[in-house]
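The values are calculated or read from the model by the stated rules, or taken from the named source; none is laboratory data. Bear in mind the structure is a predicted one, so any value in this text is a computation, not a measurement. Reconstructed Cβ throughout: ideal geometry from the backbone, glycine too, with neighbour counts over all protein chains shown.
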Amino acid sequence: MSDAQPSWPGPLGGVRVLDFTRVLAGPAASLALADLGAEVIKVEPPGTGDETRTFPPMRDGESHYYLSVNRGKKSIVLDLKSEAGVQLAKDLAAKCDIVVENYRPGVMERLGLGYETLAAINPRLIYCAISGYGQTGPLKDNPSFDIVLQAMSGALAMNGELGGLPTKLGIPVGDLVGGINGPIGILAALYERERTGRGRLIDVSLMDGLLGMLGYIAQLAFFTGRDPERLGSQHPNLVPYGIFPARDDGSIVIACLTPGFWGRICQSIGRPELTADPRYDTLEKRRDARGEVNEILSAFTRQHAVDELVAIFTAHQVPHAPILGVIEALSQPQAAAREMVVEVEHPTLGPIPIVNRSIKFPEQPQPPPASPPVLGQHTAAILSELLGLDAERIEQLRAAKVVA
C-alpha cells in the first residue's frame, strides 16, 4: 500500500489555467488539464455563461452537457465586452501558466486578449488556441461543428454500411480531438518552458487532428490511389473482423487481428480443419473470401446466446466483446474496478454521478474530482484570493455588471 497523501492534486498541481473555452472542443482540453491536477479558472460571460449551460435535457436548471466536460473547474463571470472586464482578464493572465481558448481566429485579438498582448504581460504564458480549421488557411474563418469536421476530414465518408449513406460517428470525435491534441501541445510547451523560461503560442486545428487520426486509412489511400470503401464494422484487410449475430437477438464483436487468431477462431467454432484450409489460410485469401468466412462464423454465432459466445471465445482467447449500451458500459465490473464513475456533491443537484478521470497514477492516487461549478460560483473567491481585491471593490464590479 502507498503512504501517499490523499490530497495530492495530480502531476499538474500548482499549474494555473485561464480557460476562455466554451461548448466542447476547448472545454475537453481544459478538462484534461483539470484532471491532471491543474487549477482551471473558467471565464464565462454574464447571463447564461457557457452556451452549453442551456442545452437540454436539464435537471433543476443544470445541463447534462455542461456537467459532462467541466468537472474540477472554477467558474468566474467576467464581461469581456467591458474595459474593466478585459483588464481583470489580463490581471488573471499575469498570474496564470496557461491560457486556453476556442473562439474563431481573431476574436481574442479583437477583445484585446490575443497571444501577443498577453505574452507581453506574462512572457512565460503558454497560449493554446483551438479552432475548427486552425489560425491559417482558406477555411480559418468558417464556423465548424463536429459533423462538419467529420465530413471535411474524410472520417464521415468511410463510416457506414457497404452501399449505404455515410454515417456520423456516435462519439463527437471531431470536437474531442481538441481535448487530446490541445493538452499534448500544452504539456510539451510546459516542458520546453523549463529550459527556455518562455511560453509560446499553440495552434490546434480540429480538422488537422482528424486528418492525423486517419492513420493507416490515409496510407491505404496513398498506396491504392482511391478512397477505401465503407464496410460498416468490418475491416478493409482483416477477416473475420466485425459484428456477428447471436441467437438471443444480440450480437458480438469478433476480431481476427493476426494469423494466430484465425486458428483460435476455428477451434472455438468447432471447425479446426479450416485453419489450414487453402481457401482461407492467409490474410489475403480470407479478405478475398470475406462473404464466405463471415457466413461460416455467423452460422455458428446464430446458434448461441451472447453470454454463451463470450464464454466460448474467452476460453479460446479469441478477441471479442459483447456490444454494450452506454449504461451497461458505465456499470460493468471493469469500469467499477477502475473507478470510472464517481459520485460528487453538486451545489444545487446534490449527489450526482460523473465520469471519473481516465488517466490513473497508481503510486499516488488523486481524490475524486470536484463537481462542475454553477455559474460564477468562484467569482468572488478568485478576485479576492488571486487578485487581492477587497469586498468593496468586488461589490463595485458586481454593481457595474463587470462580474457576476
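Hey, does the range 53-68 have a residue that's surrounded by fewer than 24 Cβ atoms within 10 Å (Cβ to Cβ), more than 19 Å from Pro347 (Cβ to Cβ) and in contact (Cβ under 8 Å) with a residue 24 or more places away in the chain?
Scanning the range 53-68, I find no residue that is surrounded by fewer than 24 Cβ atoms within 10 Å (Cβ to Cβ), more than 19 Å from Pro347 (Cβ to Cβ) and in contact (Cβ under 8 Å) with a residue 24 or more places away in the chain, so the answer is no.
Does Ile312 fit the bill of being at pLDDT 95 or above, surrounded by 13 or more Cβ atoms within 10 Å (Cβ to Cβ) and touching a His at 6+ places or on another chain (Cβ under 9 Å)?
Here the answer is yes, as Ile312 does meet what is asked.
Does the range 343-350 contain at least one residue that is touching a residue at least 40 places away in the same chain (Cβ under 8 Å) and assigned to a loop (DSSP other than H, G, I, E, B)?
yes
Name, by its number, the condition in (1) part of a loop (DSSP other than H, G, I, E, B); (2) modelled with pLDDT of 90 or more; (3) not aliphatic (A, V, I, L, M) that does not hold for Gly164.
(2)
For the range 231-246, what are the residues that are over 14 Å from Arg286 (Cα atoms), in a loop (DSSP other than H, G, I, E, B), touching a Leu at 6+ places or on another chain (Cβ under 9 Å) and not aliphatic (A, V, I, L, M)?
The answer is Gly232, and nothing else.
Which count do you get for residues in the range 101-118 that are farther than 13 Å from Phe20 by Cα and among the β-branched types (Val, Ile, Thr)?
Qualifying residue count, the range 101-118: 1.
I'm trying to understand the selection: among the residues of the range 233-270, which are among the β-branched types (Val, Ile, Thr) and either surrounded by fewer than 18 Cβ atoms within 10 Å (Cβ to Cβ) or out of contact with any Lys or Arg (no Cβ under 8 Å at 6 or more places or on another chain) (or both)?
Ile243, Ile252, Val253, Ile254, Thr258, Ile265, Ile269
I'd like to check something: does the range 372-384 contain any residue that is part of a loop (DSSP other than H, G, I, E, B), hydroxyl-bearing (Ser, Thr, Tyr) and in contact (Cβ under 8 Å) with a residue 12 or more places away in the chain?
Within the range 372-384, none of the residues are part of a loop (DSSP other than H, G, I, E, B), hydroxyl-bearing (Ser, Thr, Tyr) and in contact (Cβ under 8 Å) with a residue 12 or more places away in the chain.
Give me the pairs: first residue in the range 1-26 and under 24 Å from Thr379 (Cα atoms) and among the basic types (Lys, Arg), second residue at pLDDT 95 or above and in a loop (DSSP other than H, G, I, E, B), beta-carbon distance under 6 Å, and six or more apart or on different chains, which are they?
Going by the 6 Å Cβ cut-off, the qualifying pairs are Arg16/Cys96; Arg16/Asp97; Arg22/Asp50.
Looking at (1) closer than 27 Å to Cys96 by Cα; (2) charged (D, E, K, R); (3) assigned to a loop (DSSP other than H, G, I, E, B), which is the only condition Asp175 fails?
(3)
Looking at Asp97, Asp79, Asp91, Asp35, which is the one that is surrounded by fewer than 21 Cβ atoms within 10 Å (Cβ to Cβ), under 23 Å from Arg357 (Cβ atoms), touching a residue at least 60 places away in the same chain (Cβ under 8 Å) and not polar (S, T, N, Q)?
None of the others qualify; the one that does is Asp35.
Residue-wise test of (1) farther than 25 Å from Val86 by Cα; (2) within 17 Å of the chain's Cα centre (by Cα); (3) part of a helix (DSSP H, G or I).
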position: Trp8; (1), (2), (3): yes, no, no
position: Leu12; (1), (2), (3): yes, no, no
position: Leu18; (1), (2), (3): no, no, no
position: Gly26; (1), (2), (3): no, yes, yes
position: Ala34; (1), (2), (3): no, yes, yes
position: Gly49; (1), (2), (3): no, no, no
position: Pro56; (1), (2), (3): yes, no, no
position: Asn70; (1), (2), (3): no, yes, no
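Starting from the range 271-300, keep only residues that are closer than 17 Å to Val253 by Cβ, then list their pairs with residues that are at pLDDT 95 or above and of a type in the set (S, T, N, Q) whose Cβ atoms are within a distance under 9 Å, requiring at least 6 positions of separation or different chains.
So the pair list comes out as Phe300/Ser268.
Tell me which residues, restricted to the range 385-404, are assigned to a loop (DSSP other than H, G, I, E, B) and in contact (Cβ under 8 Å) with a residue 24 or more places away in the chain.
Leu386, Leu387, Ala400, Lys401, Val402, Ala404
In the range 343-356, which residues are touching a Lys or Arg at 6+ places or on another chain (Cβ under 9 Å) and under 23 Å from Gly179 (Cβ atoms)?
Passing the criteria: Val344, Ile352, Ile354, Val355, Asn356.
With respect to Leu214, determine if the residue is of a type in the set (A, V, I, L, M, F, W, C) and surrounded by fewer than 17 Cβ atoms within 10 Å (Cβ to Cβ). Spell out the reasoning first.
On the way: of a type in the set (A, V, I, L, M, F, W, C): yes; surrounded by fewer than 17 Cβ atoms within 10 Å (Cβ to Cβ): yes.
So Leu214 fits the description; yes.
Just to be sure before I move on: is Val204 outside any loop (DSSP other than H, G, I, E, B), touching a Ser or Thr at 6+ places or on another chain (Cβ under 8 Å) and buried (at least 21 other Cβ atoms within 10 Å of the Cβ) in the structure I sent?
Working: outside any loop (DSSP other than H, G, I, E, B): yes; touching a Ser or Thr at 6+ places or on another chain (Cβ under 8 Å): yes; buried (at least 21 other Cβ atoms within 10 Å of the Cβ): yes.
So Val204 fits the description; yes.
Go through the range 207-230 and report how many residues are in a helix (DSSP H, G or I) and either under 20 Å from Lys140 (Cβ atoms) or among the hydrophobic types (A, V, I, L, M, F, W, C) (or both).
Result for the range 207-230: 13.
Can you confirm whether Gly137 is in contact with a strand residue (DSSP E or B) (Cβ under 9 Å, 6 or more places away or on another chain) and farther than 22 Å from Pro27 by Cα?
When the stated conditions are applied, Gly137 passes them.
For the range 327-345, name all the residues that are surrounded by 15 or more Cβ atoms within 10 Å (Cβ to Cβ) and touching a helix residue (DSSP H, G or I) at 6+ places or on another chain (Cβ under 8 Å).
Those that are surrounded by 15 or more Cβ atoms within 10 Å (Cβ to Cβ) and touching a helix residue (DSSP H, G or I) at 6+ places or on another chain (Cβ under 8 Å): Ala335, Met340.
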